[in-house]
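Report on the following structure.
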Protein chains: 2
Amino acid sequence: MTTAKKARTTPPYELIYWPQIPGRGEFIRLALEATGTSYTDIANESKDGINAVLALKDENATSSGDGNPPAFAPPALKVPGEGKEGKSLIIYQTPSILAYLGDKLGLAGADEAEKHWILSHTLTALDLNSETHDSHHPIASQLYYEDQKTEALRRSRDFREARLPKFFGFFERVLKSNEEGGGKFLVGGKLSYADTTLWHVLDGLKFAFPKELEAREKDYPTLFGSFYDSVKEISGLKEYLASERRLPYSQGVFRHYPELDRQ
Amino acid sequence: MTTAKKARTTPPYELIYWPQIPGRGEFIRLALEATGTSYTDIANESKDGINAVLALKDENATSSGDGNPPAFAPPALKVPGEGKEGKSLIIYQTPSILAYLGDKLGLAGADEAEKHWILSHTLTALDLNSETHDSHHPIASQLYYEDQKTEALRRSRDFREARLPKFFGFFERVLKSNEEGGGKFLVGGKLSYADTTLWHVLDGLKFAFPKELEAREKDYPTLFGSFYDSVKEISGLKEYLASERRLPYSQGVFRHYPELDRQ
């Protein structure tokens, strides 16, 4: 399916997420970009788009009157016409949005088994994403880094020395076990949303912990050689990553604090 | 569908999880018990069942030769006959197992929208479960509580004062928004795995932070009155909760350290 054809045949997907950072919204963007699917990134594309994010997380909101439940936090995906009584459907939680889009965009595997493995590996990659966040915010999301720096130094050391090898070793084994994927795909013989999700976490870790990653990459040649390098060359993703739509890392999940990296 | 009928018509589901603690395995047990589905809880039911858990998390394992990928951590669900070429299917990650079982056991809603909202709310309840774990283990899972007690005192205070009201307030709003559920179900008019999952997290929090919960429950009358009380009376769950199969809380996610509770 070509990019132009997809753009005409999919509903006008709308991503509701904070502007100016990749954040968890990036996992949704990558699934859409890898399939050449058109979408609106409302807070990045319009001046008052931030209002959609603020409305989503309004802690006084019960029902929006369109049949959708409240959402705990961004990102959310809005799909016009696919909700109750032909209204808009709104789904929140990154893995749930990816499971929905995966089915629609052909990123969810060839059968029921693959579909669930793709969700499982995605959840594991997102656990690594969450642990990366907690490496610089181990006490409270609402506090500044500077107010939990002592604890962050301790947690990030465990994260680098115990958690990273555990996750990297696991995904290396998944890639090696999947003969059909040839080191390029986690499940089966084609791209899934587990691949795009894991890829972004690896890319973010390279930014946040450059010394640690440089020292460890050689131990996982399938993950950092074959997999990481091939996903970023995939048609759709390659163009996206070179575009202005790909936002730089800054003060989100992936932050480069040299003192937290390997010394 | 009666319990006896289910027991004959479902495959011999096997839960692979650590013995003697509720842990994340409990979310799977509750979905099975609430639907009267027969299953084997291998590490609790047989003396050498622990070997299945150890094999699952073997960090040298690549493929088990049955077409399933490696699993990052327990719990896992084994479903004989449902994998590649008629072999056993093995799924890991709690939300992925619940999504699979939800479809099979009628706990995943009435349509595609409800199916995704149920997954979303489940993920949010499991985020609360993970944050509960981190309230006593904010630095490293592999260290003893005593070796991170200073940090735990600080994190648990934020957890009680900022995070609990945020999660409780959210689920109170979800319940109020879902008119069809009458305060008893998060999505639609019948039980889903989001309900059983959230119920267990609330129950665990009552054990771990009794003073905090006692002080807060009155602010969320739908959540702690209607919802919590009605789920535990549901046929199947009620009998399970009174049985010896329901394991007591001990040194798992939900731990009662009086010093971390409201003073």
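The values are calculated or read from the model by the stated rules, or taken from the named source; none is laboratory data. The structure presented is a predicted model; accordingly, all values stated were derived computationally and were not measured. For neighbour counting, all protein chains shown are included, and Cβ atoms are generated from backbone atoms with ideal geometry for every residue, glycine included.
Observations on the structure shown:
- Scanning region B:100-118 for residues that are among the aliphatic types (A, V, I, L, M), facing another protein chain (nearest Cβ under 10 Å) and under 21 Å from residue B:39 (Cβ atoms) yields one hit, B:118.
- Restricting B:191, B:164 to those that are in contact (Cβ under 8 Å) with a residue 12 or more places away in the chain and surrounded by fewer than 23 Cβ atoms within 10 Å (Cβ to Cβ) reduces the list to B:164.
- Check on residue B:154, under 16 Å from residue B:259 (Cβ atoms) and either under 19 Å from the mean Cα position of the chain (by Cα) or facing chain A (nearest Cβ under 9 Å) (or both): yes
- Across region A:72-94, the qualifying residues are those that are out of contact with any strand residue (DSSP E or B) (no Cβ under 9 Å at 6 or more places or on another chain) and modelled with pLDDT under 95, and the one among them that is nearest to the other protein chains (Cβ to nearest Cβ) is A:84.
- Among the residues of region B:1-52, those that are modelled with pLDDT of 90 or more, assigned to a helix (DSSP H, G or I) and of a type in the set (D, E, K, R) comprise B:26, B:29, B:33, B:45.
- Boolean, residue A:113 is over 15 Å from the mean Cα position of the chain (by Cα), in the same structural domain as residue A:170 (by the TED database) and of a type outside the set (D, E, K, R): yes
- Residue in region A:172-188 that is under 22 Å from residue A:263 (Cβ atoms), of a type outside the set (Lys, Arg), out of contact with any Phe, Trp or Tyr (no Cβ under 7 Å at 6 or more places or on another chain) and in contact (Cβ under 8 Å) with a residue 12 or more places away in the chain present: no
- Screening residue A:97 on (1) within 10 Å of chain B (Cβ to nearest Cβ); (2) outside any helix (DSSP H, G or I); (3) under 30 Å from residue B:160 (Cα atoms) shows it passes everything except condition (2).
- Beta carbons closer than 9 Å, at least 6 apart along the sequence or on distinct chains, pair a first residue in region A:13-31 that is free of Cβ contacts under 8 Å to residues at least 40 places away in the same chain with a second that is surrounded by fewer than 24 Cβ atoms within 10 Å (Cβ to Cβ) and of a type in the set (S, T, N, Q) for A:19/A:44.
- Conditions (1) surrounded by 18 or more Cβ atoms within 10 Å (Cβ to Cβ); (2) touching an Asp or Glu at 6+ places or on another chain (Cβ under 8 Å); (3) in a loop (DSSP other than H, G, I, E, B): number failed by residue B:245: (1)
- If you filter region B:24-71 down to residues that are crowded, with 18+ Cβ neighbours inside 10 Å and among the polar types (S, T, N, Q), you find that the one that is nearest to the other protein chains (Cβ to nearest Cβ) is B:68.
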